[in-house]
Each structure stands twice: as C-alpha cells, then as structure tokens.
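First the structure, in the form of structure tokens, and then the observations on it.
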Amino acid sequence: MFTLASLPNWMTVMRIAITPLVAMLIWSDIAPLGYQFALYLYTIASITDYIDGFIARRLKVESHFGEMLDPIADKLLIAAVLLALASVNKSGWLFLMPALLILIREFMISGLREYLAKQNISAPVTTLAKWKTTTQILALGFLMGAPGFPGFPFANEIGLTLLWIAAILTVQTGSVYVKGALRHVASLR
C-alpha cells in the first residue's frame with residue numbers, strides 16, 4: 001500500500017526498476033536519442049537517491065527495509081552503468097581502470113559491511129564516501145551524455161577525469177573501511 005511514509009522505499013524500488021532500462025539504452029548504442037533517454041532516467045534515479053533519504057529523515061520514517069535496500073540500489077545503478085559503458089566507451093584502459101577499481105571496492109566493502117553487521121559492528125558512511133558517490137554519479141552522467149549531446153564540448157574528457165577522481169576517492173575511502181574493519185577483526189580474536 002502506498003502512503004507518504006512508504007514514499008522513500010517506493011522511490012528506492014523505482015530506482016532499482018529503472019536500472020536495467022538505463023543499461024539497455026546504453027548497450028543499444030543508439031546515439032543521440034538512446035543516450036539522451038538513458039541520461040534522463042539516470043538523472044531521475046540519481047536525484048531520487050538524495051530525495052528518498054531526505055524525505056525519510058525529515059518525516060522520521062526511516063526503515064530497516066530502506067536502510068538495507070538504498071545502498072543496494074545505489075550500487076546496482078553505478079555497476080550497471082559502468083558495465084554498459086564499458087561495452088560502448090572507446091577510451092580503453094582510461095575508462096576500464098577506474099571502473100574496475102570502483103567495482104572491486106564496492107564488492108569488497110559490501111562484503112566487509114555484511115561481515116561486520118553479523119558482529120553487530122556498524123560501518124557508517126563517511127562524508128568522503130558521499131563525495132565519492134557524488135563524483136561517480138557526475139562522471140557517469142557526463143560519460144553517457146557525451147554521445148547523447150555531441151554538441152557539448154569535452155563531455156567525455158570531463159567524465160573520464162571525474163571517473164578517475166572518483167576512483168582515487170574510492171581507493172581512499174575503501175582503505176579507511178578496510179583499516180577500521182581490520183581493527184574490529186583483530187579485537188574479536
């Protein structure tokens with residue numbers, strides 16, 4: 001049933017539902033229209049990521065379901081777009097290297113968080129991790145926008161630069177999580 005209190009969770013579910021469509025539009029490699037539509041959907045999904053959390057906190061309707069599903073939705077969207085762009089982006093290793101760093105970190109930190117949660121230890125999201133996510137979102141927007149809006153100069157180069165910045169932030173925030181997790185693992189022995 002839909003209520004105002006359930007709106008944040010519905011927005012998260014909608015973000016998950018949009019993800020395969022965004023990836024398919026990129027994979028179709030139909031420029032400019034396919035990329036434009038993918039970018040519009042991606043922008044909606046990215047904005048709802050911020051809005052659903054804001055609404056949940058503001059209305060005090062945060063739920064365990066939302067806390068679990070929101071980061072999954074974020075990772076699905078980022079991973080799907082990275083994989084889809086990998087199949088069509090012509091930048092070679094300049095795209096693939098940061099994309100792999102981002103994907104590896106996301107899987108590794110998800111596993112660490114799951115392990116720590118079983119030990120009743122939380123691994124809260126840091127401010128730098130939020131900047132990393134924002135940089136990833138912007139990078140992928142520019143990279144899918146480049147073929148969608150060919151008149152926008154240097155969109156691909158801006159996207160690649162932002163992707164490398166996101167990868168650097170990814171490694172940095174990942175190492176902070178790993179160091180924190182190792183301290184907890186050592187104390188559990």
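The values are calculated or read from the model by the stated rules, or taken from the named source; none is laboratory data. As the structure is a computational prediction, the values presented were derived from the model and not from experiment. No Cβ is skipped: glycine too gets one built from the backbone with ideal geometry, and neighbour counts run over all protein chains shown. For accessibility, only protein heavy atoms count, side chains too; no ligands or nucleic acids. Shrake-Rupley method; radii C 1.70, N 1.55, O 1.52, S 1.80 Å.
Values for this structure:
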quantity	calculated
Computed magnitude of the charge dipole of the stretch 21-155 (debye, nearest 20; Cβ of K, R +1, Cβ of D, E -1)	260
Residue among ILE78, ILE158, ILE137 with the largest mean-square fluctuation in a Gaussian network model of the chain, springs linking Cα atoms under 10 Å	ILE158
Length gained when the stretch LEU100-SER6 is fully extended (0.36 nm per residue, less Cα-Cα span)	30.4 nm
Whole-percent carbon and sulfur share, accessible surface of the stretch 32-115, 1.4 Å	74
Per residue solvent-accessible surface (Å²) - the chain, probe of 1.4 Å	57
Residue of PHE142, PHE37, PHE152 that the Gaussian network model of the chain assigns the largest fluctuation, springs spanning Cα pairs under 10 Å	PHE152
q = 0.19 Å⁻¹, the stretch 38-189: log10 I(q)/I(0) [Debye, one scatterer per Cα]	-1.20
C-alpha center-to-center spacing [the stretch 1-64, the stretch 95-137] in angstrom	20
